[in-house]
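The values are calculated or read from the model by the stated rules, or taken from the named source; none is laboratory data. Being a predicted model, the structure only gives us computed values, none of them experimental. Methodologically, a virtual Cβ is constructed for each residue, glycine included, from the backbone with ideal geometry; neighbour enumeration extends over all protein chains shown. Remember, those area values only see protein heavy atoms, side chains included, never the ligands or the DNA or RNA. Shrake-Rupley method; radii C 1.70, N 1.55, O 1.52, S 1.80 Å.
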Amino acid sequence: MGVILHVDMDAFYASVEAQRRNISGPIVVCVYSGRTEDSGAVSTCSYEARELGIHAAMPIKNAKKIADESGKEVNFVGMDKEYYDQFSDDIKEEILEKHTETIEKASIDEFYLELETENFDEAEDIAKKIQTSVNEDFGVTCSVGVAPNKLVAKIASDQEKPEGITVIRPEEVKNFMRGLKMDDIHGIGGKTVEKLNDIGISSVEALAESDPALLVREFGEKQGLKLREKARGEDDSEVKETLQKQVTRITTLEENSRKFNQVKKVFPELASDIIERLEEKDMDFGSVSLIVIDTDIEMSTRAKSLKSRVRDEGVLIEEGEKLLEEFLQNSDAVIRRVGLRASDLKKRKGQKSMDAFT
Ligand code: DGT
Ligand code: CA
């Protein structure tokens, strides 16, 4: 197995919004529940906002109070998950995939990469390149953990946030793990820690050296042995390549417009790029979407399901045009950026090639 990287975006939604809206200073991303103006909770916030005491899951009202009392100008913006999803896919496609094919998308803002190399110096170089490209090309930052397995890589990426790189070589795993608190380890949380304390295990080191029989008695065979393995930094789970769900191409119009003929001029190029990508992946699509980003940088999407899956440039363009026509009829937005998306993807062969099994 090659070296594993865990790439985790820093204050992801907040960084994307800061970049998108050209905001500097503390920023808080909110999920407004809509009941009253400020009801709802904080989704995430920038590190500057965290320094003021604001954090995820906090009621928006409390966050605003903290902001007021700080005397700082804090930016509150609404969450736009679709936009972050696209941002995340773009980073995967444009940067991460340049370094390996084996990428598991673990959540909207974290990825495991299995590198071809077994050399940790090379892996560290790749981590630096990824970090630099993410920053230069996307205007946001990420932290990277480099380790012999997924478990340790994930913990490592958390060590020096934001914009950190932490490399744990095989011979360093033991010491690294013993320096952690138990709940730094993914999957060892509140209740488990309590139970461990009850049987006299109160550190990662103690857990690593504990009697397996004792753990099995307390937690059952599977979980008991797993806990001990985790404390030892052992993990043989594979990086499972996440199948692509959609392919999107977005472009900025030469000038802002709401003229059908002007906007649709970019469709052939977008469609041809999408088809090229689908050919690489040998996938067909069953749904087409139009993506519009207007002059207020609001993003809208309109989708249409097809009767059957195809891989056809003409269909993309045609459906895109219909969706655009509808969009223009129902909205008075002036379009700044426009995109097409092929989704509901499926491998054409329906089954992986034989060499995937050997
Ligand atoms: P980090 O990784 O500590 O630098 O900060 P984030 O903001 O990237 O946090 P992370 O990695 O735990 O979560 C990734 C994104 O998921 C985050 O930007 C917003 C979203 N998220 C996290 N926690 C919550 C939550 O409690 N509610 C909602 N709505 N979204 C959340
Ligand atoms: Ca994150």
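Some observations on this one:
- Candidates Leu151, Leu113, Leu180 - the one that is under 25 Å from Tyr84 (Cβ atoms) and modelled with pLDDT of 95 or more: Leu113
- Residue satisfying condition, being in the same structural domain as Asn135 (by TED's automatic domain parsing), within 15 Å of ligand 2 (Cβ to nearest atom) and surrounded by 19 or more Cβ atoms within 10 Å (Cβ to Cβ), within set Ser88, Ser46: Ser88
- Selection within region 296-333 - under 21 Å from Phe87 (Cβ atoms) and loosely packed, with under 15 Cβ neighbours inside 10 Å: Asp296, Ile297, Glu298, Ala303
- Qualifying positions in region 23-41 - within 15 Å of Val140 (Cα to Cα) and open to solvent by 70 Å² or more (accessible area, probe 1.4 Å): Ser24
- Some residue of region 252-271 being open to solvent by less than 50 Å² (accessible area, probe 1.4 Å) and without any contact (Cβ under 8 Å) to a residue 12 or more places away in the chain: no
- Pairs, first within 12 Å of Thr242 (Cα to Cα) and hydrophobic (A, V, I, L, M, F, W, C) in region 105-121, second open to solvent by less than 20 Å² (accessible area, probe 1.4 Å) and more than 16 Å from ligand 2 (Cβ to nearest atom), C-beta under 8 Å, six or more apart: Phe111/Ile103; Leu113/Ile4; Leu113/Thr100; Leu113/Ile103; Leu113/Val239
- Output for region 55-82, where each listed residue is within 16 Å of ligand 2 (Cβ to nearest atom) and either part of a helix (DSSP H, G or I) or in contact with a Ser or Thr (Cβ under 6 Å, 6 or more places away or on another chain) (or both): Ala56, Met79, Lys81
- Test result for Thr242, within 16 Å of ligand 2 (Cβ to nearest atom), surrounded by 14 or more Cβ atoms within 10 Å (Cβ to Cβ) and within 29 Å of Gln19 (Cβ to Cβ): no
- Filtering region 274-295 for residues that are open to solvent by less than 20 Å² (accessible area, probe 1.4 Å), outside any strand (DSSP E or B) and more than 30 Å from Ala18 (Cβ to Cβ) leaves a non-empty set.
- Index of the failed condition, Ala57 passing every other in (1) open to solvent by 70 Å² or more (accessible area, probe 1.4 Å); (2) modelled with pLDDT of 95 or more; (3) within 30 Å of Ala342 (Cβ to Cβ); (4) not aromatic (Phe, Trp, Tyr): (3)
- Filter result for Ile23 (away from ligand 2 (no atom under 16 Å from the Cβ), in contact (Cβ under 8 Å) with a residue 12 or more places away in the chain and not assigned by TED's automatic domain parsing to the domain that holds Ile168): yes
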